[in-house]
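Written below as structure tokens is the structure these notes are about.
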Amino acid sequence: MDRIKITGGQRLEGSLPISGAKNAALPLLIATLLTSDRLTLKNVPNLADVALLARILRNHGVDHSIEGKRASPNGLMGETYHLTARDIVDTTAPYEMVSRMRASFWVLAPLLARCGQARVSLPGGCAIGTRPVDLHLLAMKQLGAEIDIDAGYVVARAKGGLRGNRIVFPKVSVGATHAALLGAALARGETVIDNAAREPEICDVAHCLIKMGALIDGIGTSTLRIQGRDRLEGATHTVLPDRIEAGTFAMAVAATGGDVVLEGARYALLDTALDALKKTGTEVTETETGLRVRRNGGSIEPISVETQPFPGFPTDLQAQFMALMTRASGTSVIRETIFENRFMHVQELARLGAEIQLHGDSATVKGVKRLTGAPVMATDLRASVSLVIAGLMADGETMINRVYHLDRGFERLEEKLSGCGAQIERLTG
Ligand code: UD1
């Protein structure tokens, strides 16, 4: 199994490109199930999760071809996927596939909308809490589906397709909002989604659905209004930049006291996290092509944060921010309100010398003067990359084991960081 070796203590300097957003690319790929025409997606990141989803979609009858990276005026663009779901040949998403990636459960809504039936295994994914799917099922029921659970599978039927309706989510969920949106786009009549998630990736999917012929109002707000169509068309869409990758690298730059331009990053996609970063004593400025992040010497100020749905501080940056806070000049409190078990990085950070105390949904981080490299274990996607940040700050060598989590969500991580001066390498086998 691959490992990543980091020798800490180098400043990051230069520039690195931000890839297309994983969390937008996945639902956009799934949207191809809604049409028999060709959907072309540009700037798709080359990630294990994307490849796995493409395999899952092939099982349903989606043909796809991939063009490699292309030069564009803003540097290198990611891969281009051409996808066609001319006929849906199988409406079952089997356990072997869905258990490996939670987002593949999201095929439920488009399969139901297009074929009137679906049988989808209950999901797996990162071990960051129980992560139920009740809100997805609520959305599908509101759109007229009958749902049974049978031997670990959700068995859903909607004779004649889905019907528009009002969906009021009792809690904000990114995945359930995607499901409701994808289903409603091909449902008969109007759907109103209340308490919808407002994440930029949801807006990106909504914009693509509009190109496919859907009518959607309220994009970017918590109330989405969708006029369903009986048929959606093909389209071409460019995946928006990955704000979580951008935020992660911004924190790595702050952690090492560096100066890096994040090409393609956009401030507006993560202003809460960047505002917090600025308060730590890091400069973040917009440039013509992205964001420049700079911290020259000086101490890292301790800043407390609390994760919230967008536009709040993203849970997907909590572990990385905690890594930064381990070297702050005082104590900060980091509260996780989205997932109940998202502190697995704490004991690994402690192996490097971090002083963190957990109490319920909060972690109190007492900044220390130095971290020391050690072997650590990657547990989930975002936790893994927090160990990379800690390794970059630590004295000596940090060996990160089980890096397949990183490959699920970060494209060419070692290459991008080493291009900015980090001493980081992958040891294969
Ligand atoms: C998505 C993101 C993930 C991010 C998360 C929160 C993708 C591929 N993944 O995950 O990176 O960390 O949003 O921003 O986009 N919940 C329920 N019932 C449900 C669904 C969710 O109770 O039916 C709960 C979850 O357990 C969690 C909260 O709602 O406590 C938010 O989860 P949700 O927004 O659905 O996360 P995902 O869509 O799985």
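No lab work stands behind these numbers, since they all come straight from the coordinates. Just so you know, these numbers come straight off a predicted model, no measurement behind them. Every residue, glycine among them, receives a Cβ derived from its backbone with ideal geometry; neighbour counts consider all protein chains shown.
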(request) Note down the net charge around Ala214, summing +1 for each Lys or Arg and -1 for each Asp or Glu among other residues with Cβ under 14 Å from its Cβ. (result) 0
(message) Please compute the contact order of the chain in relative form: average sequence separation of alpha-carbon pairs under 8 Å and at least six residues apart, divided by the residue count, as a percent.
(response) 21
(message) As a test, work out the antiparallel percent of DSSP beta bridges whose residues both lie in the chain, rounded to the nearest 5.
(response) 75
(message) To make sure I understand, if each residue's beta carbon is the centre and we count other beta carbons within 10 Å, what order do Thr307, Thr236, Thr248 fall in, fewest to most?
(response) Thr236, Thr307, Thr248
(message) Could you list His60, His82 so that the one with the fewest beta carbons within 10 Å of its beta carbon is first and the one with the most is last?
(response) His82, His60
(message) Can you show me the helix-derived [θ] at 222 nm for the chain, built from DSSP H runs with n ≥ 4 at -39,500 (n - 2.57) apiece and divided by the number of residues, rounded to the nearest 500.
(response) -8500 deg cm²/dmol
(message) Need the C-alpha centroid separation for the stretch 362-422 versus the stretch 141-168, integer Å.
(response) 42
(request) Decide, for the stretch 261-373, between rounded, prolate and oblate: order the square roots of the alpha carbon gyration tensor eigenvalues as a ≥ b ≥ c, take rounded if a/c falls under 1.5, and otherwise choose prolate if a/b is larger than b/c, else oblate. (result) oblate
(request) Grab the beta carbon distance between Lys141 and Arg294, set R0 = 45 Å, and tell me the FRET efficiency rounded to 0.05. (result) 0.35
(message) Which of Asp87, Asp49 has the fewest other C-beta atoms within 10 Å, and how do the rest follow up to the most?
(response) Asp87, Asp49
(message) Apply the a/c threshold of 1.5 to the C-alpha gyration tensor of the chain and tell me whether it is rounded, prolate or oblate.
(response) prolate
(message) I'd like to know how the stretch 212-279 sits against the 2.2 N^0.38 Å rule of thumb: what's its Cα Rg over that expected value?
(response) 1.61
(message) Less than 12 Å from a label point 7 Å out along the Cα-to-Cβ axis of Thr223: which backbone N atoms in the stretch 183-217 qualify, by residue?
(response) 192-196
(request) Over all alpha-carbon pairs in the stretch 22-238, figure out the percentage whose distance exceeds 23 Å. (result) 40
(request) For the pairs Lys69/Lys416; Lys278/Lys416; Lys279/Lys366; Lys22/Lys171; Lys141/Lys171; Lys42/Lys211, note any where the Cα-Cα span goes beyond 19 Å. (result) Lys278/Lys416; Lys22/Lys171
